[in-house]
Amino acid sequence: MALKLYNTMTRKKEEFHPQEEGKVGLYVCGITAYDLCHIGHARSAVVFDVIVRYLKYRGMEVTYVKNYTDIDDKIIEKANKLGLTVSEVAQRFIEEHDREMDKLGIIRPTYRPKATDHISGMISLIEELQLRGIAYLSDGDVYFSVDKFPPYGKLSGRSLEDMQAGARVDINEKKKNPLDFALWKASKEGEPWWESPWGRGRPGWHIECSVMSQEYLGTTFDIHGGGEDLVFPHHENEIAQSQAITGKSPANYWIHNGFVRVNREKMSKSIGNIFNIKDILEEFNPEVLRLFLLQSHYRSPLDFSHDSLVEARQGVIRLYSTLSTIDECLRQIQPNPKHLALTDAEKKLAARKEEAAAAFIEAMDDDFNTARALGLVFDLARAVNAFLGEKVLKLSLPGLELLRETRAFFVDAGFVFGLLREEPGVFFRQERDGRAKREGWNINEIEELVNARNQARKAKDWSRADEIRRQLAAMKIVLKDAPEGSTWSFE
């Protein structure tokens, strides 16, 4: 099955054919660096990270560009509020963003350009638009004339007439048409500025991405992505600026992820329902957040809640538990050298693994359907646990290899999803230590109680051992007894 993706431009799924066989150019609009990143930023980052990972998994070479907007009205406003320079504010939140993306396991893009490093290219593009009569100067500002670009509205599916009729009455006598958008803004007192043919000023938001995408990927590249909220006006305006010069759309495929909602409402600072990545990661492992974000198709709206993260945590624990069980069996089970063929039980597991591997690719080829692909992974995990739960003491020689191959499938799927990045023991220690910190429990004290109970059991002081068990149970700690001693975990 060929890879198909939903193209916002055509409003249908299309087979993906890169411009150059085996190579993909991808541009995704990045953050405006004026505040902490929230769950909506996390969804976009994880969605496109998985797309990059899957393309690489399928053997493609990906050139991935994601920009930083480091000059904008919101950054200027935040700088004035904090008493800092615009560059200081932008750099602070860029660094915060990068730390959070690293924690989430986001593969760093091939290029991460800042808008302010490409001002000269923006000025050149604006000059070209002005020479062609598509842009005009008005009191120090330069605007794009949407009337001069007939395809305007194609991406969002809006007609120019409808947009003009529905446009807010924005009293701006500088514009010839209320829909015209700024390419260059004359600087106000106290704002950052650059010299230009139109005087001191700074670029508009939309021109930034047109210039940076062309710089790193050429005039036309394969995929342009971003959140659903960027379809109009940002991406619509990008297309207008670029196509007015080149005659071609800047990208062949446009991909947009859906909104994150809280209690079925769009996140909004005015409502106060913004959840920052930094705060979420204080309580949950980054892989938990990734799993939550991937359990719905990327184009669907996603409802966020604390309970949904708790459920996702259990899902991640189940996958790591499956890996841990496989590893324990590989260490302990000795294959029977006389059994050179798969047993009936092993044949069933082999069939399930092959079906899952083929269906996994089919699901991801169908517009990156992570929800279906994850379901297949969890179904296989249940089958593996059922197989190993039958107290399998011996495997055939090919059965042992089957178990290794099955583990490899989980690891490969984990790479695509950005999950299972740790060894199981490391993950469970992180979970344990994180919960102890949240609950205010001292790990060393718990370890001392467990060791004391082990000593009591060795001394056959069953009363003391039971007393410690009850004490630990009150702390929601589960003990697992073994001949070599007891281990513990949280409920």
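The values are calculated or read from the model by the stated rules, or taken from the named source; none is laboratory data. Computed from a prediction, not measured in an experiment: that's the story for all the values here. No Cβ is skipped: glycine too gets one built from the backbone with ideal geometry, and neighbour counts run over all protein chains shown. The protein model used for the area step is the full one, side chains on, heavy atoms only, and it has no ligands, DNA or RNA in it. Shrake-Rupley method; radii C 1.70, N 1.55, O 1.52, S 1.80 Å.
Summary table
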read-out	value
Nitroxide proxy distance, nm - points 7 Å out along Cα→Cβ at residue 343 and residue 451	4.1
Amide H contacts under 5 Å for residue 419, placed H, 5+ residues apart	none
Full-extension gain in nm, residue 282 to residue 321, via 0.36 nm per residue minus C-alpha separation	11.8 nm
Out-of-range pairs (alpha-carbon distance over 25 Å; input 13/248; 4/278; 78/114)	4/278
Residues whose placed amide H lies under 5 Å from that of residue 274, excluding near-sequence neighbours	268
Net length gained if the chain between residue 371 and residue 56 were fully extended (0.36 nm per residue, minus Cα distance)	111.5 nm
In Å², nearest 10: area of residue 246 left accessible to a 1.4 Å probe	50
Near-label residues of the range 299-320 by backbone N, under 20 Å of a point 7 Å along Cα→Cβ of residue 488	none
CD proxy at 222 nm, helix term only [per DSSP H run n ≥ 4: -39500 (n - 2.57); per residue of the chain; nearest 500]	-16000 deg cm²/dmol
Exposure of residue 4 as accessible area (Å², to 10), given a probe of 1.4 Å and all protein chains	80
Extension gain, residue 74 back to residue 246 (0.36 nm per residue minus Cα-Cα distance, nm)	58.8 nm
Heavy atoms of residue 163: accessible area, 1.4 Å probe, square angstrom to 10	20
C-alpha long axis of helix 73-82 to longest principal axis of the chain, angle in °	70
Beta bridges by DSSP in the chain, antiparallel share as percent, to the nearest 5	50
